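The values are calculated or read from the model by the stated rules, or taken from the named source; none is laboratory data. The structure displayed is predicted, hence computed values, not measured ones. All Cβ positions, glycine included, derive from the backbone under ideal geometry; neighbour counts span all protein chains shown.
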Ligand code: SF4
């Protein structure tokens, strides 16, 4: 998702493990790309972040194409994560805790339900980082999502593009189901941060930024809005994986354009995060 790296990140080999076999008598297995034990940008406070493997979107600016493959990664149970995470509990305070990111975290919704349910029982604050791609109101998925929201304290939601046609060009998929997920969160008292990556020639247009700003204004429970300036730090991964980099030659936005986007998204109006505390 927005996988900025950190001082304590551990990368796992994602090339050799077999796909998960789901049976009712086995623990739910998560496929983990990497762990960041001391993250400070993916959710409130200091957080232990599990970057889960797998994503179906193909955002042109994705700087983690190594998270795309589904069903590979380090196999971990909720207990494995919690045992490891608890070593950092003293840093979490009232707002820190565990974040599940990706890749696209919702690809492994069964695992996150298991992890967050056990985390909440231990009094740990939970945060879901998602782009919403897997969201559907079809069953049985939707009931699982409702179950997940009941044990999720806050969600970081990426809106890649407010215009569905442009969203499709940028990611390979339209945004209707993603906006539907956000609508669900807005109307069910689910706290969220909204994040938007500002990419010259892709998302950095006043008309779309203003539309996105207007849209966010209609939502409830938005604690924070963040502009994430596009950067080119992921380019080497494309070269290593032998994948053509779609945004070759496109530079990071200027500070002026970042400021402009922050104004159009009314970033300064969303201050709930400063005093935010988990409700559940
Ligand atoms: S949602 Fe986009 S940015 Fe996030 S992991 Fe998938 S392709 Fe990459």
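Can you find a residue that is modelled with pLDDT of 95 or more, on the phi > 0 side of the Ramachandran plot and in contact with a strand residue (DSSP E or B) (Cβ under 8 Å, 6 or more places away or on another chain) anywhere in the range 105-118? Spell out how you get there, then give the answer.
Going through the range 105-118, the residues modelled with pLDDT of 95 or more turn out to be 105-118.
Applying the additional criterion that residues be on the phi > 0 side of the Ramachandran plot yields none.
No - not one qualifying residue is present in the range 105-118.
Can you list residue pairs whose Cβ atoms sit under 7 Å apart, with the first residue in the range 45-58 being within 15 Å of residue 80 (Cβ to Cβ) and the second being near the ligand (Cβ under 8 Å from one of its atoms) and in a loop (DSSP other than H, G, I, E, B)? Count only pairs 6 or more apart in sequence or on different chains.
Short answer, once both residue conditions are applied: 51/3; 51/102; 51/103; 52/102; 52/103; 53/103.
Pick out the one residue from 114, 80 that is buried (at least 20 other Cβ atoms within 10 Å of the Cβ) and farther than 27 Å from residue 159 by Cβ.
Values: 80 fails: buried (at least 20 other Cβ atoms within 10 Å of the Cβ).
Answer to the selection: 114.
Return the total of residues in the range 191-221 being assigned to a strand (DSSP E or B) and in contact with a helix residue (DSSP H, G or I) (Cβ under 6 Å, 6 or more places away or on another chain).
Residues that pass the stated criteria total 3.
This table checks each residue for (1) modelled with pLDDT of 95 or more; (2) over 20 Å from the mean Cα position of the chain (by Cα).
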position: 21; (1), (2): no, yes
position: 39; (1), (2): no, no
position: 47; (1), (2): yes, no
position: 52; (1), (2): yes, no
position: 87; (1), (2): yes, yes
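Out of the residues in the range 141-172 that are assigned to a loop (DSSP other than H, G, I, E, B) and closer than 16 Å to residue 114 by Cα, which is farthest from the chain's Cα centre (by Cα)? Outline the logic, then answer.
The first filter runs over the range 141-172 and keeps only residues assigned to a loop (DSSP other than H, G, I, E, B), leaving 151-153, 159-163, 172.
Of the ones still in play, those that are also closer than 16 Å to residue 114 by Cα are 151-153.
Values: 151: 16, 152: 13, 153: 14 Å.
Among those that are assigned to a loop (DSSP other than H, G, I, E, B) and closer than 16 Å to residue 114 by Cα, it is 151.
The rows are residues; the columns are (1) in a loop (DSSP other than H, G, I, E, B); (2) within 13 Å of the ligand (Cβ to nearest atom).
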| site | (1), (2) |
| --- | --- |
| 59 | yes, yes |
| 62 | yes, yes |
| 81 | no, no |
| 85 | no, no |
| 88 | no, no |
| 94 | yes, no |
| 106 | no, yes |
| 109 | no, no |
| 113 | no, no |
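One residue is enough: does the range 202-209 have a residue meeting the conditions more than 16 Å from the ligand (Cβ to nearest atom), touching a residue at least 40 places away in the same chain (Cβ under 8 Å) and over 20 Å from residue 226 (Cα atoms)?
At the first step, the residues of the range 202-209 found to be more than 16 Å from the ligand (Cβ to nearest atom) are 204-209.
So of that shortlist, the ones also touching a residue at least 40 places away in the same chain (Cβ under 8 Å) come out as 204, 206, 208-209.
Adding the requirement that they be over 20 Å from residue 226 (Cα atoms) leaves none.
Checking the range 202-209: not a single residue is more than 16 Å from the ligand (Cβ to nearest atom), touching a residue at least 40 places away in the same chain (Cβ under 8 Å) and over 20 Å from residue 226 (Cα atoms).
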